[in-house]
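> Could you have a look at this structure, given as structure tokens, before my questions?
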Amino acid sequence: MSLLQLQSVSRRFGALKALTDISLSVEPGELRAIIGPNGAGKTTLFNLISGFFPPSDGQIVFDGQPIQTVNPAELVRRGIIRTFQVTEIFRSLTVYENLRIAVEIAQGVNMRPWMSRALWKRVDDQVDALMHRVKIADKAYRVTGELSHGDQRVVEVGIALSRNPRLLLLDEPTAGMGDEETHHMTALIRDLNKNQGITTLFVEHDMEIVFGIADRITVLDNGTMLAEGNADEISNNPKVQAAYLGQAA
Ligand SMILES: Nc1ncnc2c1ncn2[C@@H]1O[C@H](COP(=O)(O)OP(=O)(O)OP(=O)(O)O)[C@@H](O)[C@H]1O
Ligand SMILES: [Mg+2]
């Protein structure tokens, strides 16, 4: 069974058709890239999947259940997790503290005035494990606001992982990064998917990254689905070349 299915999904904003008749399926364990020119509807697609607003038409099915009327908090509980803007990080706190807060919230123990030594240690172990999963343990006690942009986004991914994603949505995870940071983030996305089994959808403009790591690629253009396939199929698709690759060249 597919983990996620969109069935003839459309979203209008007044007269503007942001997405029209989108049907797609994401299988468990997949690493799927969503590409397309600016304004194609990629972020709108993520907003629909994560319940930020409902589709105007169509159905979204996650894990066999229709979710198009389910609120974002409930979808987080069910495992649909997206990365947030960098401003979601507490910039004056350390990496450890940011991830500790995230784990405490995810565990529902954040408002406790008193925590047993055993619980405190359990949370601490989880924070430590998270820092190792995203490979930022060496910067645990650095103030987040003083880290590079790339490292801040890695912390965001760590926060997302604290919520135990079954479907991870990353909107332009490498935007604004230099080569080394981009390489680190790309390797992390691949590792989370291939070695840690997290089904992931990511929006990315850099074709080298997309063709390098995605299992399948969905191409949006002007709110419609232009093509879907693997790297070979997409790079050889004349419609894609005309609409997207040609434009970028
Ligand atoms: N909340 C909204 N209200 C009105 N129009 C919106 C809203 N969200 C998106 N749009 C419009 O829908 C279209 C698709 O926008 P979207 O942000 O999904 O594109 P995108 O593919 O993510 O583009 P980019 O690559 O620039 O991030 C655009 O014309 C945008 O202006
Ligand atoms: Mg966008």
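> When the Karplus curve 6.51 cos²θ - 1.76 cosθ + 1.60 is applied with θ = phi - 60°, which whole-Hz ³J(HN,Hα) does each residue of the range 14-23 get, with x for Gly and Pro?
Each residue's phi maps through the Karplus curve to give x, 7, 7, 8, 6, 9, 10, 6, 8, 10 Hz.
> A further question follows. Any chance you could give the angle, 0 to 90 degrees and rounded to 10, that helix 117-133 forms with the longest Cα principal axis of the chain?
40
> Note the full-extension length gain between residue 128 and residue 211 as 0.36 nm times their separation in residues minus their Cα-Cα distance, in nm to one decimal.
26.6 nm
> On to the next question. How about residue 135: which lysines have a C-alpha closer than 19 Å to its C-alpha, ignoring those fewer than 8 places off in the same chain?
Cα-Cα hits under 19 Å: 194.
> For the chain, what is the mean residue ellipticity at 222 nm derived from helices alone (per DSSP H run of n ≥ 4: -39500 (n - 2.57); sum divided by total residues; nearest 500 deg cm²/dmol)?
It lands at -10500 deg cm²/dmol.
> I would also like to ask the following. Pairs of alpha-carbon atoms within less than 8 angstrom and 6+ residues apart define the contacts here; what relative contact order does the chain have, in percent?
27
> Kindly report, to the nearest 10 Å², the accessible surface of residue 25 as traced by a 1.4 Å probe over protein heavy atoms only.
Spelled out: residue 25, probe radius 1.4 Å, area about 40 Å².
> What is the distance, in nm, between label points placed 7 Å from the Cα along the Cα-to-Cβ direction at residue 241 and at residue 149?
3.2
> Still on this structure: So what's the angle, to the nearest 10 degrees on a 0 to 90 scale, between helix 179-194 and the longest Cα principal axis of the chain?
So the inclination is approximately 90 degrees.
> Report, in degrees rounded to the nearest 10, the 0 to 90 angle that the Cα long axis of helix 95-107 makes with the longest principal axis of the chain.
80
> Keeping the other protein chains in place, figure out the carbon and sulfur percent of the accessible area of the range 49-105, with a 1.4 Å probe.
Carbon and sulfur atoms account for 53 percent of the accessible area of the range 49-105.
> Then there is this: So what's the chain giving for Rg/Rh, alpha carbon basis, Kirkwood Rh from the mean inverse pair distance?
Rg/Rh: 0.99.
> What percent antiparallel are the DSSP beta bridges of the chain, to the nearest 5?
Approximately 55 percent, going by the DSSP bridge assignments.
> Can you work out ³J(HN,Hα) from phi for every residue in the range 68-82, in order, using Karplus 6.51 cos²θ - 1.76 cosθ + 1.60 and θ = phi - 60°, giving whole Hz and x for Gly and Pro?
5, 10, 7, 6, x, 5, 5, 5, 4, 4, 7, x, 8, 10, 10
> Can you tell me, using C-alpha contacts under 8 Å and at least 6 residues apart, the relative contact order of the range 52-147 as a whole percent?
Relative contact order for the range 52-147 comes out at 32 percent.
> Using 0.36 nm per residue of separation minus the Cα-Cα distance, give me the extension gain between residue 52 and residue 187 in nm, one decimal.
Residue separation times 0.36 nm, minus the Cα-Cα distance, leaves 45.7 nm.
> Can you tell me the FRET efficiency between residue 73 and residue 109 if r is taken as the Cβ-Cβ distance and R0 is 22 Å, rounded to the nearest 0.05?
FRET efficiency, residue 73 to residue 109: 0.80.
> If the only charges are +1 at each Lys and Arg Cβ and -1 at each Asp and Glu Cβ, what is the size of the charge dipole of the range 10-64 around the Cα centre, to the nearest 20 debye?
Computed charge dipole of the range 10-64: roughly 300 debye.
The values are calculated or read from the model by the stated rules, or taken from the named source; none is laboratory data. Just so we're clear, the structure is a prediction, and the values are computed from it rather than from any experiment. Every residue, glycine as well, gets a Cβ built from its backbone with ideal geometry; the counts of neighbours run over all protein chains shown. Surface areas here come from the heavy atoms of the whole protein model, side chains and all, with no ligands, DNA or RNA. Shrake-Rupley method; radii C 1.70, N 1.55, O 1.52, S 1.80 Å.
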